[in-house]
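Every number in this text was worked out from the coordinates using simple rules, so none of it is lab data. Nothing here was measured: the structure is a model prediction, and the numbers come from that model. Positions of Cβ are backbone-derived with ideal geometry, glycine not excepted, and every protein chain shown enters the neighbour counts.
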Amino acid sequence: MPEQTQKGSDRQKELYASGMRGELPIVPADHEKLKKLAKDRSTPEAYDYIAGGAGREDTMRQNRLGFGQWSIMPRMLNDVSKANTKIRLFGQQLPSPILLAPIGALELMHKRADLAVAEAAKNTGVPMIFSNQASVSMESCARIMEGSPRWFQLYWSKSDELVESLVKRAEASGCAAIVVTLDTTMLGWRPRDLDHAYLPFLHGKGIAQYTSDPVFLRLVNEDEDKKTEKGSGITPTAIQSAFRLARRFPGGFMSNLSSGKPIKAVRKFIDIYSRPSLTWENLSFLRELTQLPILLKGILHPEDAAKALDYGVNGLIVSNHGGRQIDSAVSSMQALPGIIKTIDAKIPVILDSGVRSGADVFKAIALGAKAVCIGRPYAYGLGVAGRAGVQAVIENYMADFELTMRLSGCNSVREINRKHLRKAIQL
Ligand SMILES: Cc1cc2nc3c(=O)[nH]c(=O)nc-3n(C[C@H](O)[C@H](O)[C@H](O)COP(=O)(O)O)c2cc1C
């Protein structure tokens, strides 16, 4: 892992110095400008899939308000000349308490998708959590991340055999933890996507972990004989989709087209990608399958956090999926204190959803989170400038956090605590 690539103040100096040469930053440091630029460079369907949320997007707003509830109380004259932002998590040293949240269908933002993100993660030392809905297989990403931390996020399929295969592949790919996402046993009601009548997976986007999986491919083959095609309305758009899918699916284009396998794979994926019947009891299956730390993503209620402890889980990610699942679900920052209290430092708790600045990272840590996940911002960076865009976004967050930490009088992440926060004045 690279030493902390750039100290916060070095990055700041570098950005100002580039202005002296007449160069502007590759991505804006301002989140709204970054988002706008990503929008300008994407199709409406792609942008809305990334930017949108469930229902009226109240939870997305609540996520921001959750951070706005707190102000930072800095301390002075505390020699912060030798501060560092490193943390240890599940035995690995990380340069900063920041991880990249699992984001599916990244090819909507850039053709190199997860590969570009993996390179940026490697260059900064920040862990990438491979999405179960990735556009590139975990093996391909892991190959370019040799020596760098990566985790795997699992959607618990209806097929236990597929779950086992994905987890074994994650182990073989050097993933250091398995994140089970619990809040997506079905897709949330997302008006932006519904109004475009657009779901990337149906276009073969974001299903690379499946089409690269031997168990999944076997299940598709087994289905072939049983199913007859009916009522699939042949329109010019349907033909275009069939061609696109045939091009994306592993194997030859012509044989894919004539066998109809890619379409069958998409159907199979829709059929089995998640298991709404999942319960706490299923976790023992995963526990027996792997020695890797298991984290649950999507926990919001303290009683669920208590149950996670009972079931021997190794970590939690407090998250509402960036407001994409239940509209009006509680904000993750509102949920965090109750969970921290219940967990009582027995396992690490990571905060996800709505992190948009170094101050947000600081506040989550002050409330007791061990680290945070960054989501949409790096996807926007990808849309704006590929690998370099993702890397610039990560470096900006690391720098912003480091400067916030030092300016608040802290020399290390460990020194940040609840005493550094006050309730904010509400406007
Ligand atoms: C386009 C998109 C795709 C996502 N795909 C996944 C996924 O495959 N698995 C998962 O656990 N979470 C997924 N998430 C949720 C993120 O991991 C994370 O919880 C969320 O982005 C955090 O909210 P924020 O982006 O507002 O910070 C996705 C989020 C977005 C925006």
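What to note about this one:
- Kirkwood analysis of region 269-407, using all unique Cα-Cα pairs, places the hydrodynamic radius at 16.5 Å.
- For region 329-346, 3J(HN,Hα) per residue [Karplus equation, 6.51 cos²θ - 1.76 cosθ + 1.60, θ = phi - 60°, Hz, x = Gly/Pro]: 4, 4, 6, 5, 5, 6, 6, 4, x, x, 6, 4, 5, 5, 6, 6, 6, 6
- Degrees separating the helix 376-407 axis from the principal Cα axis of the chain, which is the longest one: 20
- Oblate is the label for region 328-369, because a/c, from the alpha-carbon gyration tensor with a ≥ b ≥ c as root eigenvalues, is 1.5 or above and a/b does not exceed b/c.
- Of all DSSP beta bridges in the chain, antiparallel share, percent nearest 5: 20
- Computed log₁₀ I(q)/I(0) - Debye formula, equal Cα scatterers, no solvent, region 138-201, q 0.12, 0.14, 0.20 Å⁻¹: -0.44, -0.57, -0.86
- Helical contribution to [θ] at 222 nm, DSSP H n ≥ 4, -39,500 (n - 2.57), averaged over the chain, rounded to 500: -14000 deg cm²/dmol
- Annotation: amide H-H contacts under 5 Å for Ile129 (H modelled 1.01 Å from N, sequence separation of 5 or more, or interchain): Leu100, Trp151.
- Helix 261-272 axis, angle to the chain major axis (alpha carbon atoms, nearest 10°): 60
- In this structure the amide hydrogen of Ile299, modeled in the peptide plane, comes within under 5 Å of the amide hydrogens of Ile317, Ser319, none closer than 5 places in sequence on its chain.
- Fully extending the segment from Leu309 to Glu171 would add 47.4 nm, taking 0.36 nm per residue of separation and subtracting the current Cα-Cα distance.
- Charge dipole (Cα centre; +1 on Lys/Arg Cβ, -1 on Asp/Glu Cβ; no other charges) of the chain amounts to roughly 760 debye.
- Cα shape, region 1-141, gyration tensor, a/c 1.5 rule: rounded
- Under 5 Å between amide hydrogens, built in the peptide plane, is the criterion, and for Val372 it picks out Ile98, Leu99, Leu351 among residues at least 5 positions away or on other chains.
- Dividing the C-alpha radius of gyration of the chain by 2.2 N^0.38 Å, with N its residue count, gives 0.98.
- Nearest 10 degrees, 0 to 90: helix 236-248 Cα axis against the chain principal axis: 70
- Separation of region 198-215 and region 352-394, taken as the distance between their Cα centroids, equals 26 angstrom.
- Pairwise label distance in nanometres, Glu415 with Asp79, each label 7 Å out on the Cα-Cβ vector: 1.0
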